[in-house]
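The values are calculated or read from the model by the stated rules, or taken from the named source; none is laboratory data. Predicted model only: the values in this text are computed from it and were never measured. Here Cβ is always computed from backbone atoms with ideal geometry, including for glycine, and neighbour counts include all displayed protein chains.
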């Protein structure tokens, strides 16, 4: 019975009347502030999580989870090392690779590229690259002098499978007249799209034998890439591999090689969370101000309720329910809006680009070719609970102030 009375009075206070219309406007802004704050926080954190997952997934998918290299430079012999690594539990594959920079020229146009040499049979062990091959010359698209180039590079230089490119090696030939640049012609065997602009625009993959000849590696390689089933649990395996290979080799995992990039993403994510939380805090202060004004406006009503037998606890609950209703409804509406927006953010981006005729998400700026979003259910619940706690906390002082009001003084002022 008590709950029904308190909720009824709180409901009447929430409904707008001409006299307290201004208070209802403030309450409406409080509701909108919480709704937008929760929705924005869910959307932004989902996009940040999506960026982190997509970027790290692409980087790991193309570079391996761990690299083993020789302290002396070139790695040879590498076959016994690969055989030893593939026998260890927790390692899916070990792949020999060579990586170096080169200058590419196509019909007078030059551009710096990153060349990576790998065995043809290892392409299938990198699903991101293998499944990303969109166009190719045929079944034997990665042998002899045939190379793979990215879709952005192909579009920029108007290249198609079967076209010729020229690569100039960084180390030239010594001659009596100085160093002569070494160049070699290659055929575009295939064009890949891995969904990351940096790789699509500047990477070339070539057969390992061709890379060894082009970079003057002989029978050696630059490093051995290690692929594991779980990239997140790499530390224990890294130590075991380091103990296994000995002192002559260095071991670097994906966290070591991308440490600054990984830390930057994490810091940006935390800062965005703190900044956007301020929206919810501001909305909570709006609840406080609207309830304080409501308490002043309803002073006579509170005094009458007290003289009719209402306890201070009942008055506290009346105003607590009033403010909590704004917080609960605003939080739930914001949560639903944020989840729906984050789940369809790529479709919304395309619709907005078609509507405005502008490019809202340039791949060359944001690295990825589409806008990612990955919702973490635990994070969404944390945001909702935080908004509810702030909303409930905002009602405490106005409710306490209403309960402390002296009925005699309130009636006398009226």
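For this structure, a couple of remarks:
- Here the condition is being assigned to a helix (DSSP H, G or I), over 29 Å from residue 390 (Cβ atoms) and out of contact with any strand residue (DSSP E or B) (no Cβ under 8 Å at 6 or more places or on another chain); of 42, 56, it holds for 56 alone.
- Residue match in segment 211-218 (condition: free of Cβ contacts under 8 Å to residues at least 40 places away in the same chain and either crowded, with 19+ Cβ neighbours inside 10 Å or out of contact with any helix residue (DSSP H, G or I) (no Cβ under 7 Å at 6 or more places or on another chain) (or both)): yes
- Checking each residue of segment 266-281 against the condition of being modelled with pLDDT of 80 or more and more than 33 Å from the chain's Cα centre (by Cα) gives no match.
- Close pairs from segment 304-325: first touching a residue at least 40 places away in the same chain (Cβ under 8 Å) and on the phi > 0 side of the Ramachandran plot, partner part of a helix (DSSP H, G or I) and buried (at least 21 other Cβ atoms within 10 Å of the Cβ), Cβ under 8 Å, at least 6 apart: none
- Inter-residue pairs, beta-carbon under 9 Å, first free of Cβ contacts under 8 Å to residues at least 24 places away in the same chain and in segment 65-79, second part of a strand (DSSP E or B), 6+ apart: 79/96
- Criterion: in a strand (DSSP E or B), surrounded by fewer than 14 Cβ atoms within 10 Å (Cβ to Cβ), more than 21 Å from the chain's Cα centre (by Cα) and modelled with pLDDT of 90 or more - qualifying residue of 100, 112, 117: 112
- Count of segment 124-162 residues which are touching a residue at least 60 places away in the same chain (Cβ under 8 Å) and either surrounded by fewer than 20 Cβ atoms within 10 Å (Cβ to Cβ) or assigned to a helix (DSSP H, G or I) (or both): 8
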